[in-house]
Amino acid sequence: MNTTLFQRTSILLACATVAVIGSNLPASAENTHSSSANTVTNQAEQVSETHATNLNSASDLIIESTPPSSAIQSEKVAQTFEPGRATRSGSSYFGVAGNIGISGNTRVGESSFAVINKIGLTQNLSFRPAALVGDNTVFLVPLTVDFPQENLEITQLSVAPYIGGGIAVFTGRDSTVGALISGGVDVPLSPQVTATGGVNVSFIDETDVGILLGVGYNF
């Protein structure tokens with residue numbers, strides 16, 4: 001009798017224990033699921049924040065690596081075609097010179113008075129017309145490439161070389177046009193004055209060579 005009562009009591013306690021454990025399992029599972037969901041959400045937010053930070057850093061790098069618009073504009077202005085502008089060799093100028101003839105039977109190869117010009121076109125190019133005045137005046141029409149100024153250690157002067165070519169127009173009874181090679185240096189003496197010296201070689205019936213030495217007023 002007591003044994004049967006003990007067995008029934010044990011069964012009832014076991015059933016009660018199972019019921020209690022069963023009632024707690026859903027809540028525990030729900031808490032575990034909620035905790036896992038929160039963990040995943042937090043990780044997703046951290047990844048999003050990290051991705052946004054990386055994007056901002058990349059944007060900053062792109063912005064920093066982009067050259068300033070002012071530098072691009074300065075480069076465009078430097079290459080703009082603008083007659084009368086300064087070039088790498090210095091200011092444009094108008095002046096006078098003397099031509100020393102070396103060889104030939106035209107004004108290029110004979111001594112004569114000359115009117116000279118330098119008209120800057122772009123940062124690198126200049127138009128340098130000259131007139132060798134006298135009987136059968138010769139007009140020199142070269143287009144030159146100008147080089148940057150360089151300081152001479154001996155004289156402490158700035159020298160700017162140039163070289164180019166064009167045409168030489170010979171006037172007179174038999175007007176003709178020949179090829180021309182021109183090269184020389186500009187020497188800025190002050191903001192207003194530039195000295196210049198160059199060699200002109202023209203080709204018509206024969207080769208004429210002359211040395212041009214002059215001074216110009218900057219404009």
*asked:* If a paramagnetic tag sat 7 Å from the Cα of Phe94 along the Cα-Cβ line, which residues of the stretch 105-141 would have the backbone N under 20 Å from that point?
replied: 113-122, 126-134, 138-141
*In Å², nearest 10: area of Phe139 left accessible to a 1.4 Å probe*: 90 Å²
*With all protein chains present and a 1.4 Å probe, how do Glu150, Glu82 order by accessible area, largest first?*
Glu150, Glu82
*So what's the stretch 78-132 giving for Rg/Rh, alpha carbon basis, Kirkwood Rh from the mean inverse pair distance?*
1.12
*For the stretch 186-212 and the stretch 112-136, what is the separation of their C-alpha centers, rounded to whole Å?*
9 Å
*Over the stretch 91-167, equivalent-ellipsoid semi-axes from the Cα gyration tensor in Å*: 25, 16, 11
*asked:* For the ranges 186-192, 132-138, what's the packing order if you count other beta-carbon atoms within 10 Å of each residue, average per peptide, and put the highest first?
replied: 132-138, 186-192
*Ignoring ligands and nucleic acids, what accessible area does Glu206 show with a 1.4 Å probe (Å², nearest 10)?*
90 Å²
*asked:* If DNA, RNA and ligands are ignored and the probe is 1.4 Å, what is the ranking of Ser111, Ser126 by accessible area, most exposed first?
replied: Ser111, Ser126
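The values are calculated or read from the model by the stated rules, or taken from the named source; none is laboratory data. Quantities reported herein were computed from a predicted structural model and do not represent experimental measurements. Every residue, glycine as well, gets a Cβ built from its backbone with ideal geometry; the counts of neighbours run over all protein chains shown. The area values use the complete protein model at the heavy-atom level, side chains included, leaving out ligands, DNA and RNA. Shrake-Rupley method; radii C 1.70, N 1.55, O 1.52, S 1.80 Å.
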